[in-house]
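Novice: Quick one: this structure, given as structure tokens, is what I'll be asking you about.
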Amino acid sequence: METVILGTGNSQEMRIAIDQAVDQLERGSIVGLPTETVYGLAADALNADACATIFEAKERPSFDPLIVHVSGEKMLNNVAEIPDEIADVTYDLIKEFWPGALTFILPKKDIVPDIVTSGLQTVAVRRSKNKIFSEIVNSLESPIAAPSANRFGSISPTSAAAVFTELSGKIPLIIDGGACSEGVESTIIKIEPSQKKKPLIKILRPGPITPEMLKKFGKIDKHQHSSEESSSLTSPGQLDSHYAPNTPLKILNSPEEFDCDPSKKYALLSYRGQKKDGYLELCDWTHVETLSPGSGKLPEAAVRFFFSLRKLDELGVDEIISEPIPERGIGFAIMDRLKRASYQFS
Ligand code: AMP
Ligand code: MG
């Protein structure tokens, strides 16, 4: 199958791209689409056969459920139930963060095919703020299932070119909406009612909506469940190894941990590229990729993270070494991805 990339550089191109994407989705096909987090591989969420094609193209195991993207509260109510005990806090969070990178786990309605939720009685729902994606879900008038547009377990795509590298030949169309503005996947939460004043907000996957941003709405539980615990169906897709490059990747928690083998080629993923952090002169790096040069800004590091990891993976070095990222704000989500990306090499 030939994979076409359509640009959206001017309003005419944009119109054509949106119309073609909607047309493909209506016909039960799958399409690579930009969102503010990472590029998604989209299908009509109410079309079970189309959703099956997502699993096939990504080689994604059927136990890993998909996120359903809606156009607003009406569509949300078509796919999910909002239990009375958590309705107030859910609507408060929607008001504050939608459209945006916050995904809710809620009881599902029968209209959602089982394949989308991997047989769970809950569904993950969010509303994207990307203009192109929003127009497509509005025009389709049906929710869109869209996991990240990469082969299962590999680095998430934050550009149309990265989607092409991952899935060309397997999907008919990619819409190029430029680089993603957030750069890491949405925050996934599950709200539990509590006898106390504040409900419990469990962060199943950290993301752009940070614990600091959520804490005024409830008591935050940011404990990341291991895959063994999560087989108890809290967040089955949060596997220990994920987002992995082909090149071995190691996080060095301090520069002293590095034992340089002179016969090997190394590349460094640096947070801010500063000598005083102690990593730059550890070795004769083949390449140093800096996430946020200068004083270090976490949102900038998030935007560049997957792009940089992909670039380092393409260098052909023996090992990628990464500095740790400060675990505050969105840094918590970046470190979550980095740990999973390095897990299989540790
Ligand atoms: P993505 O690959 O970005 O679409 O993210 C999908 C992830 O959302 C899955 O890997 C799960 O971790 C999580 N998820 C989706 N649906 C559910 C659900 N019903 N319950 C818990 N976690 C879910
Ligand atoms: Mg993914």
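Novice: Inspect the stretch 119-127 for any residue being surrounded by 20 or more Cβ atoms within 10 Å (Cβ to Cβ) and touching a His at 6+ places or on another chain (Cβ under 7 Å) and give the result as yes or no.
Specialist: yes
Novice: Applying the selection to the stretch 135-152, what residues are open to solvent by 20 Å² or more (accessible area, probe 1.4 Å) and within 11 Å of ligand 1 (Cβ to nearest atom)?
Specialist: Scanning the stretch 135-152 gives Ser148, Phe152.
Novice: Give me the residue from the stretch 153-175 that is in a loop (DSSP other than H, G, I, E, B) and surrounded by 21 or more Cβ atoms within 10 Å (Cβ to Cβ) and, out of that set, farthest from ligand 2 (Cβ to nearest atom).
Specialist: My answer is Thr158.
Novice: What pairs can you find where one residue is in the stretch 311-327 and on the phi > 0 side of the Ramachandran plot, the other is at pLDDT 95 or above and open to solvent by 60 Å² or more (accessible area, probe 1.4 Å), and their Cβ atoms are less than 9 Å apart, with a gap of 6+ or different chains?
Specialist: Every condition considered, the pairs that remain are Gly316/Lys265; Gly316/Thr286.
Novice: What pairs can you find where one residue is in the stretch 86-108 and in a helix (DSSP H, G or I), the other is within 16 Å of ligand 2 (Cβ to nearest atom), and their Cβ atoms are less than 9 Å apart, with a gap of 6+ or different chains?
Specialist: Phe97/Thr187
Novice: Sticking with this structure for a sec: Please find, among Thr158, Thr117, the residue that is on the phi < 0 side of the Ramachandran plot and in contact with a helix residue (DSSP H, G or I) (Cβ under 7 Å, 6 or more places away or on another chain).
Specialist: Thr158
Novice: Name the single residue that is nearest to ligand 2 (Cβ to nearest atom) among those in the stretch 176-199 being small (Gly, Ala, Ser) and open to solvent by less than 10 Å² (accessible area, probe 1.4 Å).
Specialist: Result: Ser186.
Novice: Restricting attention to strands (runs of 3 or more DSSP E) lying wholly within the stretch 245-346, give those where 1 or more residues are more than 30 Å from Ile203 (Cα to Cα) and in contact with a strand residue (DSSP E or B) (Cβ under 9 Å, 6 or more places away or on another chain).
Specialist: The strands (runs of 3 or more DSSP E) meeting that bar are 266-270, 287-290, 319-322.
Novice: Please give the number of the condition Ile67 fails out of (1) among the hydrophobic types (A, V, I, L, M, F, W, C); (2) surrounded by fewer than 16 Cβ atoms within 10 Å (Cβ to Cβ); (3) modelled with pLDDT of 95 or more; (4) within 16 Å of ligand 2 (Cβ to nearest atom).
Specialist: (2)
Novice: Taking the criterion of being hydroxyl-bearing (Ser, Thr, Tyr) and touching a residue at least 60 places away in the same chain (Cβ under 8 Å), would at least one residue in the stretch 46-55 satisfy it?
Specialist: no
Novice: What do you reckon, is Glu13 under 13 Å from Pro172 (Cβ atoms) and open to solvent by 30 Å² or more (accessible area, probe 1.4 Å)?
Specialist: no
Novice: Looking at the stretch 176-196 only, could you name the residues that are more than 12 Å from ligand 1 (Cβ to nearest atom) and in a strand (DSSP E or B)?
Specialist: Selection gives Ile191, Glu192.
Novice: Limited to the stretch 31-47, what total is found for residues that are open to solvent by 40 Å² or more (accessible area, probe 1.4 Å) and small (Gly, Ala, Ser)?
Specialist: Total satisfying the criteria: 0.
Novice: Separate question: Cβ-Cβ under 6 Å, sequence separation 6+ or interchain: first residue in the stretch 232-258 and open to solvent by 30 Å² or more (accessible area, probe 1.4 Å), partner modelled with pLDDT of 95 or more and of a type in the set (Asp, Glu). Which pairs?
Specialist: These pairs meet every condition: Asn246/Asp313; Pro248/Glu319.
Novice: Let me ask you something else. Failed condition for Ser235, given (1) within 29 Å of Ser154 (Cβ to Cβ); (2) at pLDDT 80 or above, with all others met?
Specialist: For Ser235, the failing item is (2).
The values are calculated or read from the model by the stated rules, or taken from the named source; none is laboratory data. All of these numbers come straight from a predicted model, not from anything done at the bench. With ideal geometry, Cβ positions are generated from the backbone for all residues, glycine too; neighbour counts draw on all protein chains shown. For the accessible areas, the whole protein counts, side chains as well, though only heavy atoms, and no ligand, DNA or RNA atoms are used. Shrake-Rupley method; radii C 1.70, N 1.55, O 1.52, S 1.80 Å.
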